[in-house]
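Undergrad: Encoded as structure tokens, here's the structure I'll be asking about.
The values are calculated or read from the model by the stated rules, or taken from the named source; none is laboratory data. Just so it is clear, the model here is predicted, and its values are computed rather than measured. With ideal geometry, Cβ positions are generated from the backbone for all residues, glycine too; neighbour counts draw on all protein chains shown.
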Amino acid sequence: MSDTLNINLKVWRQANGNEKGKFESYQVQANPDMSFLEMFDVLNEQLIEDGREPVAFDHDCREGICGMCSMVINGRPHGPKQGVTTCQLHMRSFKDGDTVVVEPWRASAFPVIKDLSVDRGAFDRIIAAGGYVSVNTGNAVDANSILIPKDVADKAFEAATCIGCGACVSACKNASAMLFVGAKVTQLSMLPQGQAERESRVVAMVNQMDAEGFGACTNTGACAAECPKEIPLSVIATLNREYTSAKLKGR
Amino acid sequence: MKLLSFLFTSSIGRKLIMALTGLFLCLFLIVHLIGNLQLFKADGGYAFNHYAWFMTSNPLIKTVSWGLYAMIILHAVKGIYLAMQNRKAREVSYGVNGGSSNSTWSSRNMAILGSIIFIFIGIHMGDFWREYKFGDEITWKSYTQDYNTQEVTWADYTPVEGQKIYAKDIEGGHMLVAKDLYVEVWESFKQPWIVLIYVLSMLALSFHLLHGFQSAFQTLGVNHPSYSPIIQFIGRAFAILVPLGFAAIPLYVLFQ
Ligand code: HEM
Ligand code: SF4
Ligand code: FES
């Protein structure tokens, strides 16, 4: 039977996008087998019992595939572990008596809605601008009728594992969205289905990215280091290449 | 021109400017370092002063020089502007910043390092370039080199009103009458505080290049499992050896 952990939490509380926020301190007793989000459930139950406002935080699948659980934990998106989301982080990664500071993603393009919950609509608008392929309606085409070499399919799939969580933006000192945009552009530019919009896509997505107020990439590599899906930095080089060649062709 | 307007209007375009000007500056560093190594020759400054005159009078080199000044200013202005834009992309900063666990120190401090280099370039050009081109404090020397023995002899020279630097072939050899930038450099680097400024600035340059060199290739879209390790290796060697070569000159003079 594992011991209970006493955790000193410092959580960012902000009533809405217009108010200024501040850190509040809480004490929580957590079981080492709890996920980080379950620890927050315990905190919120405690707060509700005390008649106080629970902490607003985003979550959905709680199994690392939806990308909702945005929390910066002790200065790192999704906490200290590599390749996991907050919902996949367990309290056994902390020690009894630890102070844990929890903040929202901070980027001008991701305004705070409340507490730890931010509006990531900017990502949706970037995808809407070009992160799609056009297909004919009607019967589904046989999966093997379009031949794709295995290594290309693997590379495209690696980029496709992006869950749109925004950890890359939150980790980047410039709040740049290049890893996210690079992942989508890489995935679609490698596949035959993505060729029709290849050039217009990358230009439209980068235009939207710039318009949303994300910063410019300075290749610090923080994004790839913190990405829960370990999307490699090379997708940014691909994005630079795709964008430059589309532009030089007059797109 | 319209095709290239994205270089100034998009985030990726601005980055391309940083990368292209940055790599051009890296090329310049090599040329500049090779020239400066003439200072190590014990020929009374004959080779170095010849080189300095060539660099400031040859029309082709003069044109490239003006291009270089433009590149430095473009790189610096764009770099500072980029850094300011990037700050705006995060209006509220983190309470706890985990930057050191996911990125290198130099990558996070390019603008500060660049600004140190920029100030240094100002000091350095004021010290030597401005003095050489427009000042009247530099003394003159005349040199003669014997073609058979390659031996160089020199003497102080008193310039006349409106004196021009010149070189000509003479019986059995070659002569040069030139401003003695060599002795100017030598005297400067006998002052420890000047040497300290130079050495610290080269340290800043080293860190700037440690991130900058390989970063430029990533910006240009070159990232490949076979080539990237080579680029990283060359980048690291460049970032250490080139600033070291520059720093060696003032240190050598000081401890001579
Ligand atoms: C001889 C001098 C210099 C050399 C060789 C040099 C070289 C470079 C290189 C190769 C890069 C990488 C470009 C990229 O990431 O794509 C870079 C980036 C940068 N440089 Fe310089 N630089 C020099 C001077 C300066 C000066 C004087 C400043 C500013 C005042 C400056 C500011 C910056 C900034 C802010 C960046 C980061 C830009 C970014 O990564 O987006 N540099 N430099
Ligand atoms: S690239 Fe990684 S960190 Fe960025 S949104 Fe996609 S999964 Fe999240
Ligand atoms: S809640 Fe879905 S990834 Fe964490």
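Undergrad: When you look at B:TYR51, is it surrounded by 16 or more Cβ atoms within 10 Å (Cβ to Cβ) and not in a helix (DSSP H, G or I), yes or no?
TA: Judged against the criteria, B:TYR51 is not a match.
Undergrad: Quick check on this structure: which one of B:PHE233, B:PHE207 is out of contact with any helix residue (DSSP H, G or I) (no Cβ under 6 Å at 6 or more places or on another chain) and either hydrophobic (A, V, I, L, M, F, W, C) or assigned to a helix (DSSP H, G or I) (or both)? It would help to see each step written out before you state the result.
TA: Details: B:PHE207 fails: out of contact with any helix residue (DSSP H, G or I) (no Cβ under 6 Å at 6 or more places or on another chain).
So the residue among B:PHE233, B:PHE207 that is out of contact with any helix residue (DSSP H, G or I) (no Cβ under 6 Å at 6 or more places or on another chain) and either hydrophobic (A, V, I, L, M, F, W, C) or assigned to a helix (DSSP H, G or I) (or both) is B:PHE233.
Undergrad: Follow-up question, since we're still on this one. Quick check on my filter: what residues within the range A:223-249 are in a helix (DSSP H, G or I), within 13 Å of ligand 1 (Cβ to nearest atom) and either polar (S, T, N, Q) or under 19 Å from A:ILE163 (Cα atoms) (or both)?
TA: Correct list: A:ILE236, A:ASN240, A:THR244.
Rundown of residues vs (1) touching a Lys or Arg at 6+ places or on another chain (Cβ under 8 Å); (2) assigned to a strand (DSSP E or B); (3) at pLDDT 95 or above; (4) within 16 Å of ligand 1 (Cβ to nearest atom), yes/no style:
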residue: A:GLU19; (1), (2), (3), (4): no, no, no, no
residue: A:GLU38; (1), (2), (3), (4): no, no, yes, no
residue: A:ASP41; (1), (2), (3), (4): no, no, yes, no
residue: A:GLN46; (1), (2), (3), (4): no, no, yes, no
residue: A:ALA56; (1), (2), (3), (4): yes, no, yes, no
residue: A:ASP60; (1), (2), (3), (4): no, no, yes, no
residue: A:GLU63; (1), (2), (3), (4): no, no, yes, no
residue: A:GLY67; (1), (2), (3), (4): no, no, yes, no
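Undergrad: Quick one: is B:SER115 hydroxyl-bearing (Ser, Thr, Tyr), surrounded by 13 or more Cβ atoms within 10 Å (Cβ to Cβ) and away from chain A (no Cβ under 14 Å)?
TA: Criteria met by B:SER115.
Undergrad: Identify all residues within the range A:160-205 that are more than 13 Å from every other protein chain (Cβ to nearest Cβ), among the hydrophobic types (A, V, I, L, M, F, W, C) and over 28 Å from B:ALA111 (Cα atoms); write none if there are none.
TA: Answer for the range A:160-205, where residues must be more than 13 Å from every other protein chain (Cβ to nearest Cβ), among the hydrophobic types (A, V, I, L, M, F, W, C) and over 28 Å from B:ALA111 (Cα atoms): A:ALA160, A:CYS162, A:ILE163, A:CYS165, A:LEU188, A:MET190, A:LEU191, A:ALA196.
Undergrad: Could you list all residues from the range A:206-223 that are surrounded by fewer than 21 Cβ atoms within 10 Å (Cβ to Cβ), more than 7 Å from chain B (Cβ to nearest Cβ) and touching a helix residue (DSSP H, G or I) at 6+ places or on another chain (Cβ under 6 Å)?
TA: Result: A:GLU212, single match.
Undergrad: Check A:CYS168, A:CYS172 and return the single one that is surrounded by 21 or more Cβ atoms within 10 Å (Cβ to Cβ), in contact (Cβ under 8 Å) with a residue 60 or more places away in the chain and assigned by TED's automatic domain parsing to the domain that holds A:ILE146.
TA: A:CYS168
Undergrad: Please name all residue pairs, on different chains or six or more residues apart, with Cβ atoms under 6 Å, provided the first residue is in the range A:201-218 and is on the phi > 0 side of the Ramachandran plot and the second residue is assigned to a loop (DSSP other than H, G, I, E, B) and away from ligand 1 (no atom under 16 Å from the Cβ).
TA: A:GLY213/A:SER108; A:GLY213/A:ALA109
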